[in-house]
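S.K.: Attaching a single structure in structure tokens format; questions to follow.
What follows draws every value from the coordinates through simple rules; no lab data is involved. Worth saying up front: this structure is predicted, and the values here are computed from it rather than measured. Reconstructed Cβ throughout: ideal geometry from the backbone, glycine too, with neighbour counts over all protein chains shown.
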Amino acid sequence: MHLDWQIKHYNDLSLNEFHDIIRLRLEAFVVEQDCPYQDLDGKDKKCYHVICRNGKGDIVATARILPPGLAYSDAAAVGRVVIEDEIRGHGVGHELMDRCIRFCGVEFGNSQIRISAQKHLENYYGKHDFLTTGKEYLEDGIPHVEMLFTPINEQ
């Protein structure tokens, strides 16, 4: 499977790219998970967006990277992680997280990365060295757990 990856700040996204990112997020989070929520929270405009395209140029995976101070005062954050249903289970999600972590290391230095993970994905994020903080909660009716990645030289 041929995939093309890019990371762009919101200001550098085309209208079509932002449209396709939002379409994929709504398809997964609102339709598939039957969870109506306010996706457009105003933070996208200050974020970097990871874009994965298939060989036809369609966006099939995405995540947003929030600079330190935007969601958490002490850490960067990764959120809105979504992989199109048809390509799940082929390692794309792991590549997506690896790219997010590497980008944060380059862009934000030794900043920790905090995520709000759906509870059933705790082991998935654990494979990328995210550790639970012990904080569990319901977000939009779905069990979540707060997790934290600490760069190796900060541990």
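S.K.: Considering only GLU17, GLU107, GLU27, give the residue with the highest GNM mean-square fluctuation for the chain, with springs between Cα atoms whenever their separation is below 10 Å.
M.R.: It is GLU107.
S.K.: Compute a Gaussian network model of the chain, connecting alpha carbons closer than 10 Å, and tell me which residue from LEU24, LEU96, LEU13 fluctuates the most.
M.R.: LEU13
S.K.: Does anything in the range 100-137 have its amide N under 20 Å from the 7 Å Cα→Cβ label point of HIS90, and if so which residues?
M.R.: From the range 100-137, the list is 100.
S.K.: Pairs of Cα atoms under 8 Å, at least six residues apart: use those to get the relative contact order of the chain, whole percent. Each step should come with its number before you reach the end.
M.R.: Numbers: 250 pairs, mean separation 27.8, N = 155.
Normalised by residue count, the contact order of the chain is 18 percent.
S.K.: How much length is gained on full extension from GLU146 to HIS19, taking 0.36 nm per residue of separation minus their Cα-Cα distance? Each step should come with its number before you reach the end.
M.R.: Values: separation 127, 0.36 × 127 = 45.72 nm, distance 2.84 nm.
Stretched out fully, the GLU146 to HIS19 stretch lengthens by 42.9 nm.
S.K.: Given points 7 Å out from each Cα along the Cα-Cβ axis, report the LYS45 to GLU27 separation in nanometres with one decimal.
M.R.: Each label point lies 7 Å from its Cα, and together they span 2.7 nm.
S.K.: Please go through the range 89-155 and write out the trypsin sites (Lys or Arg not before Pro) that DSSP classes as loop and that have at most 15 other C-beta atoms within 10 Å.
M.R.: Working: sites: ARG99, ARG102, ARG114, LYS119, LYS127, LYS135; in loops: LYS127.
Taking the range 89-155 and a limit of 15 other Cβ atoms within 10 Å, the loop trypsin sites (Lys or Arg not before Pro) found are LYS127.
S.K.: How high is the relative contact order of the range 66-155? Use alpha-carbon pairs under 8 Å, at least six apart in sequence, and give a whole percent. Kindly include the intermediate steps, with their values, before the conclusion.
M.R.: On the way: 119 pairs, mean separation 23.7, N = 90.
Across the range 66-155, relative contact order equals 26 percent.
S.K.: Quick one: of the DSSP bridges fully inside the chain, what percent are antiparallel, nearest 5?
M.R.: Values: 30 of 33 bridges.
Close to 90 percent.
S.K.: Give the total of Lys-Lys pairs in the range 4-154 with Cα-Cα distances below 22 Å; include a pair only if its members are 8 or more places apart or on different chains.
M.R.: On the way: LYS8/LYS43; LYS8/LYS45; LYS8/LYS46; LYS8/LYS56; LYS119/LYS127; LYS119/LYS135; LYS127/LYS135.
Value for the range 4-154: 7.
S.K.: Measure of size requested: the Rg and Dmax of the range 98-155, with Cα atoms as the atom set and Å as the unit; please supply both.
M.R.: Every Cα atom of the range 98-155 included, Rg and Dmax give 11.9, 37 Å.
S.K.: Also, quick follow-up: With every atom except the alpha carbons ignored, what do you get for Rg and Dmax of the range 4-154, in angstroms?
M.R.: When restricted to Cα atoms, the range 4-154 yields Rg and Dmax of 14.6, 42 Å.
S.K.: While we're on this one: Quick one: give the max-minus-min coordinate of the C-alpha atoms of the range 59-139 along each principal axis, largest first, in Å.
M.R.: Here the spans come out as 36, 29, 20 Å, largest first.
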